[in-house]
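Everything on this sheet refers to the single structure shown next.
The values are calculated or read from the model by the stated rules, or taken from the named source; none is laboratory data. On a predicted model such as this, the values are computed, not experimentally measured, just so you know. No Cβ is skipped: glycine too gets one built from the backbone with ideal geometry, and neighbour counts run over all protein chains shown.
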Amino acid sequence: MDILNTLVLLANFVFVPAIAYGSQLALGALGVTLIYGILRFSNFAHGDTMAFGTMVTVLVTWLLQSWGVSLGPLPTALLALPFGIAVTAALVLWTDRVVYKFYRKQKAKPVILVIVSMGVMFVMNGLVRFIIGPDDQRFADGERFIIGARDFKKMTGLDEGLAIKTSQGLTVVTAVLVVAALFWFLNHTRTGKSMRAYSDNEDLALLSGINPERVVAVTWILVAALATVAGVLYGLDKSFKPFTYFQLLLPIFASAIVGGLGSPLGAIAGGFVIAFSEVTITYAWKKAAGYILPESLAPDGLLQLLAVDYKFAVSFVILVVVLLFKPTGLFKGKSV
Amino acid sequence: MKKLLLATAATALTAGAAMAEGHGETVKMGVILGFTGPIESLTPAMADSAELAMKEINDAGGLLGGKMLEAVRADSTCVDAAGATAAAERLITSDGVAAIMGADCSGVTGAILTNVAVPNGIVMVSPSATSPGLSTVEDNGLFFRTAPSDARQGVVLSDILMDKDIKEVAVTYTNNDYGKGLSDSFIAAYEEAGGTVTINAPHEDGKADYSAEVGALASAGGDVLVVLGYTDQGGRGVIQGALDTGAFDTFMLGDGMYGDQLVADLGDDMEGSFGAVPWSEGEGTTAFAAMAVDADINPEGAYTRESYDAAALIALAMAAGGEATSAAAASKLLEVANAPGEPILPGELGKALEILANGGDIDYVGATNVELIGPGEAAGTYREYVITGSAYETENIR
């Protein structure tokens, strides 16, 4: 019984939140890694691209809600998602045309593009705040839980409850579908293959007749889709506030770099590594230890490695360690 | 050295001028509040309320045989101690105020008090600084406040728990001076009364996700989660997280958590949760509300009642002391604020002046049932409420 209680306790406070958070990070990191692999720079505007996509989705969701459209137990935001992706894709394609294209023609160094993307970040940041404001916005509707903590306790008779939110279930399912679709696209379609060729060796790809502008455009559209999906899932699970999306930039980059920049598989692994590290290092293990250990050994302290305030420090430390000892990341990406 | 001499001479000169003005036909009172900064939306109504009290006294024929009160506003900025100090310096040296109504936020109030008011011997009555630290600050008997200290709230919260026979709680507070001060005073009171605090964890405002904070709180355990935060910020996020994961069902809420939106959104799940909020009710509050509405001030505005009381107390203390100076006000302030004497409600300031002129004694009740305790701060009345059916229900007035 105690073992079961421990497992449920850890599932409730560690596994379920970490898996959902990891999926959101993985989707975000995939976008960063695609840009790095194909356009060859670190896109600092990614967090705010997520915020922009989510904002459009939120606005469309509100419109749908005011019309009385709903998906029953699922959040209405899923219906609004395609609109969010379309508008975000239009925005990033336009940004590419008026900003990045100029620097690509100059064959600018990656570091210059990084600075340029910072400028784009500030503009998008301002745009989002200008349209929807800097405050928290709630747009989740539908059934809130797959299993509620109290129902779970009643069902199983255990002391510990397990809650799985609809948004958490949805996050994992969507992430799996999106990642599967992305890999199929990259590995089995002509456009996907040309993208990989362009990423591996730009000159050879150009010689074999690949249209670079087309590759760039498709990349941006994919990135817009990934960013919007990641942003909307994060917003549904937590809440939408422009500033927190800006802060997400750090764990997302940490995930992409830990996995290996430019490696899609690495981005996913990196997302989960970062999420699980953040959650397990800041979790207080006292209660779990109390279940497993005999009473005489039960701890008085909280058994917390790091106060919750330092959550972001975990990403930083992992980032620094990886850059020092394995700059190419877990999955042999490009070194930074 | 030359500069210092010059500065001293200039200060002496202006101080002399201030003295001269003090004995003239007008008495200036500084109103130093954060007209810019984080609470700029509250301060205009607070200043208007203070000036309402001064106008009432002027309409009744003025102070001490016809001296008119004149308000001089200055900006405390609420957060910038240097700016607030400079503004207060200006009030005293160039405007020659006889006393200061203010300041508002605890940090700048402390700065003005130690840097300006105490060296110059000027009395200060703050309507809204609640930090417990201000109770023990060295003030030469010059500092008073019409707002209760958070130390008092800590005791009230502890009493509520003890009355409900809850002996073990987890505490989370918003990571700033307010949250830290309140949690410290609460824990001190609660542990002294025999309670156990399993964890005292800060949370940052403005984050999207509080599941990690909730995880730590849940692991530490406790019968009730005490949330000392803000109703539209991290406090709400923590409650939402705790409800989602089933970590806690019942919450005790500090004054920053009192808000209609919270119960509207989460009231169903928070059934049976309880808390305390500063409250005033009774004749004085009603009388002030009527006056404020006539003067186009929202009487429900935060700290408007306290501001009216602060200004009225300074003026009445001067009247009782027999001269319009800080020294007189400081020596008589506690006397006019507390029993015994004729109770004085808002709108009866003229009557109070008359009683004082005839050598009588008054007990200023004002808009907030003023009762100054300890080093001259409001005892404060708190409303203990329980959330029932998604609404606040008063259980007790403490």
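Could you list, in sequence order, all residues of region B:205-214 that are at pLDDT 85 or above and not hydroxyl-bearing (Ser, Thr, Tyr)?
The answer is B:Glu213, B:Val214.
In region B:244-264, is there at least one residue being closer than 25 Å to A:Ile146 by Cβ, aromatic (Phe, Trp, Tyr) and at pLDDT 80 or above?
Looking through region B:244-264, at least one residue is closer than 25 Å to A:Ile146 by Cβ, aromatic (Phe, Trp, Tyr) and at pLDDT 80 or above.
Which pairs turn up if I take residues in region A:136-162 that are closer than 14 Å to B:Leu243 by Cβ and look for partners that are among the basic types (Lys, Arg) with beta carbon separation below 9 Å, at least 6 apart in sequence or on another chain?
Once the first residue is closer than 14 Å to B:Leu243 by Cβ and sits in region A:136-162, its partners that are among the basic types (Lys, Arg) give A:Arg144/A:Lys165; A:Phe145/A:Lys165; A:Gly161/A:Arg150; A:Gly161/A:Lys153.
Considering B:Asp150, B:Asp80, B:Asp75, which residue is more than 17 Å from B:Lys28 (Cβ to Cβ) and either of a type in the set (A, V, I, L, M) or touching a residue at least 40 places away in the same chain (Cβ under 8 Å) (or both)? Lay out the reasoning, then the answer.
Values: B:Asp150 fails: either of a type in the set (A, V, I, L, M) or touching a residue at least 40 places away in the same chain (Cβ under 8 Å) (or both); B:Asp75 fails: more than 17 Å from B:Lys28 (Cβ to Cβ).
When all the criteria are applied, what remains is B:Asp80.
As an exercise: evaluate B:Gly141 against (1) in contact with a Pro (Cβ under 9 Å, 6 or more places away or on another chain); (2) outside the structural domain of B:Thr77 (by TED's automatic domain parsing); (3) surrounded by fewer than 24 Cβ atoms within 10 Å (Cβ to Cβ) and give the number of the one condition it does not meet.
The one condition B:Gly141 does not meet is (2).
Determine if region A:96-107 includes at least one residue that is of a type in the set (Val, Ile, Thr) and away from chain B (no Cβ under 14 Å).
Yes.
Within region A:58-159, considering only helices (runs of 4 or more DSSP H) that don't extend past its boundaries, which have at least 2 residues that are of a type in the set (S, T, N, Q)?
Filter on region A:58-159 gives A:77-95, A:110-132.
Can you name the residue in region A:130-153 that is in contact with a Lys or Arg (Cβ under 8 Å, 6 or more places away or on another chain) and either among the polar types (S, T, N, Q) or more than 9 Å from chain B (Cβ to nearest Cβ) (or both) and is also surrounded by the most Cβ atoms within 10 Å (Cβ to Cβ) among such residues?
Among residues in region A:130-153 that are in contact with a Lys or Arg (Cβ under 8 Å, 6 or more places away or on another chain) and either among the polar types (S, T, N, Q) or more than 9 Å from chain B (Cβ to nearest Cβ) (or both), the one surrounded by the most Cβ atoms within 10 Å (Cβ to Cβ) is A:Gln137.
Pick from B:Asp296, B:Asp269: which is in a loop (DSSP other than H, G, I, E, B), among the charged types (D, E, K, R) and away from every other protein chain (no Cβ under 14 Å)?
Answer to the check: B:Asp296.
Quick one: in region A:281-309, of everything that is assigned to a helix (DSSP H, G or I) and more than 10 Å from every other protein chain (Cβ to nearest Cβ), which residue is surrounded by the most Cβ atoms within 10 Å (Cβ to Cβ)?
Ranking the qualifying residues of region A:281-309, first place goes to A:Tyr291.
Hey, can you tell me all the residues within region B:148-157 that are crowded, with 24+ Cβ neighbours inside 10 Å and outside any helix (DSSP H, G or I)?
Across region B:148-157, the qualifying residue is only B:Ser149.
Does A:Ile281 qualify as being touching a helix residue (DSSP H, G or I) at 6+ places or on another chain (Cβ under 9 Å), more than 18 Å from A:Leu10 (Cα to Cα) and among the β-branched types (Val, Ile, Thr)?
no
Taking A:Leu222 as meeting all but one of (1) more than 16 Å from the chain's Cα centre (by Cα); (2) more than 29 Å from A:Val8 (Cα to Cα); (3) in a helix (DSSP H, G or I), write down the number of the exception.
Exception for A:Leu222: condition (1).
Of all residues being in a loop (DSSP other than H, G, I, E, B) and modelled with pLDDT of 85 or more in region B:215-228, which is farthest from the other protein chains (Cβ to nearest Cβ)? Just the residue, please.
Our first condition is that a residue be in a loop (DSSP other than H, G, I, E, B); within region B:215-228, this holds for B:221-223.
Okay, now just the ones that are also modelled with pLDDT of 85 or more, so B:222-223.
On the way: B:Gly222: 11, B:Asp223: 15 Å.
By that ranking, first place goes to B:Asp223.
For B:Tyr178, indicate whether it is within 30 Å of A:Asp237 (Cβ to Cβ) and more than 14 Å from every other protein chain (Cβ to nearest Cβ). Before you say what the answer is, go through the steps one by one.
Working: within 30 Å of A:Asp237 (Cβ to Cβ): yes; more than 14 Å from every other protein chain (Cβ to nearest Cβ): yes.
Judged against the criteria, B:Tyr178 is a match.
Could you identify the single residue in B:Gly256, B:Gly237, B:Gly246 that is in contact (Cβ under 8 Å) with a residue 12 or more places away in the chain and within 14 Å of another protein chain (Cβ to nearest Cβ)?
Going through B:Gly256, B:Gly237, B:Gly246 in turn, the sole match is B:Gly237.
When region B:168-195 is examined, which residues are found to be at pLDDT 90 or above and assigned to a strand (DSSP E or B)?
Of everything in region B:168-195, those that are at pLDDT 90 or above and assigned to a strand (DSSP E or B) turn out to be B:Glu168, B:Val169, B:Ala170, B:Val171, B:Thr172, B:Tyr173.
Looking at (1) among the small types (Gly, Ala, Ser); (2) within 14 Å of another protein chain (Cβ to nearest Cβ); (3) over 29 Å from B:Gly237 (Cβ atoms), which is the only condition A:Ser199 fails?
(2)
Conditions (1) over 21 Å from the mean Cα position of the chain (by Cα); (2) among the β-branched types (Val, Ile, Thr); (3) within 23 Å of B:Pro375 (Cβ to Cβ), marked per residue:
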position: B:Phe144; (1), (2), (3): no, no, yes
position: B:Gln153; (1), (2), (3): no, no, yes
position: B:Glu168; (1), (2), (3): yes, no, no
position: B:Thr172; (1), (2), (3): yes, yes, no
position: B:Ala189; (1), (2), (3): no, no, yes
position: B:Ala212; (1), (2), (3): yes, no, no
position: B:Ala218; (1), (2), (3): yes, no, no
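Looking only at region A:6-42, count every residue that is over 15 Å from the mean Cα position of the chain (by Cα), more than 13 Å from chain B (Cβ to nearest Cβ) and part of a helix (DSSP H, G or I) and tell me the total.
4
One residue is enough: does region B:164-172 have a residue meeting the conditions among the charged types (D, E, K, R) and surrounded by 24 or more Cβ atoms within 10 Å (Cβ to Cβ)?
No, that holds for no residue.
Filter region B:274-303 down to the residues that are farther than 20 Å from B:Gly380 by Cβ, modelled with pLDDT under 90 and surrounded by 17 or more Cβ atoms within 10 Å (Cβ to Cβ) and list them by number.
B:Ile297
Looking at region A:265-280 only, could you name the residues that are surrounded by 19 or more Cβ atoms within 10 Å (Cβ to Cβ) and β-branched (Val, Ile, Thr)?
Correct list: A:Ile268, A:Val273, A:Ile274, A:Val279.
One residue is enough: does region B:62-84 have a residue meeting the conditions of a type outside the set (A, V, I, L, M, F, W, C), under 25 Å from B:Pro119 (Cα atoms) and at pLDDT below 85?
To start, the set of residues in region B:62-84 that are of a type outside the set (A, V, I, L, M, F, W, C) comprises B:62, B:65-67, B:70, B:73, B:75-77, B:80, B:83.
Now narrow it down to the ones that are under 25 Å from B:Pro119 (Cα atoms): B:70, B:73, B:75-77, B:80, B:83.
When the remaining residues are screened for being at pLDDT below 85, the result is none.
Checked against the condition, which is being of a type outside the set (A, V, I, L, M, F, W, C), under 25 Å from B:Pro119 (Cα atoms) and at pLDDT below 85, region B:62-84 yields no hits at all.
For region A:186-201, which positions are surrounded by fewer than 19 Cβ atoms within 10 Å (Cβ to Cβ), of a type outside the set (A, V, I, L, M) and touching a residue at least 24 places away in the same chain (Cβ under 8 Å)?
Here is the first cut: in region A:186-201, the residues surrounded by fewer than 19 Cβ atoms within 10 Å (Cβ to Cβ) are A:186-193, A:196-197, A:200-201.
From what's left, of a type outside the set (A, V, I, L, M): A:187-193, A:196, A:200-201.
Once the filter is applied, which keeps residues that are surrounded by fewer than 19 Cβ atoms within 10 Å (Cβ to Cβ), of a type outside the set (A, V, I, L, M) and touching a residue at least 24 places away in the same chain (Cβ under 8 Å), region A:186-201 yields only A:Thr191.
Taking the residues in region A:212-255 that are polar (S, T, N, Q) and farther than 18 Å from A:Ala80 by Cβ as candidates, determine which candidate is surrounded by the fewest Cβ atoms within 10 Å (Cβ to Cβ).
Once the filter is applied, the top-ranked residue is A:Gln247.
Restricting the first residue to region B:202-225 and requiring it to be within 16 Å of A:Glu160 (Cβ to Cβ) and in the same structural domain as B:Met252 (by TED's automatic domain parsing), which pairs with a second residue that is assigned to a helix (DSSP H, G or I) and of a type in the set (Asp, Glu) meet a Cβ separation below 9 Å and a spacing of at least six or different chains?
Once the first residue is within 16 Å of A:Glu160 (Cβ to Cβ) and in the same structural domain as B:Met252 (by TED's automatic domain parsing) and sits in region B:202-225, its partners that are assigned to a helix (DSSP H, G or I) and of a type in the set (Asp, Glu) give B:Ser211/B:Asp244; B:Val214/B:Asp244.
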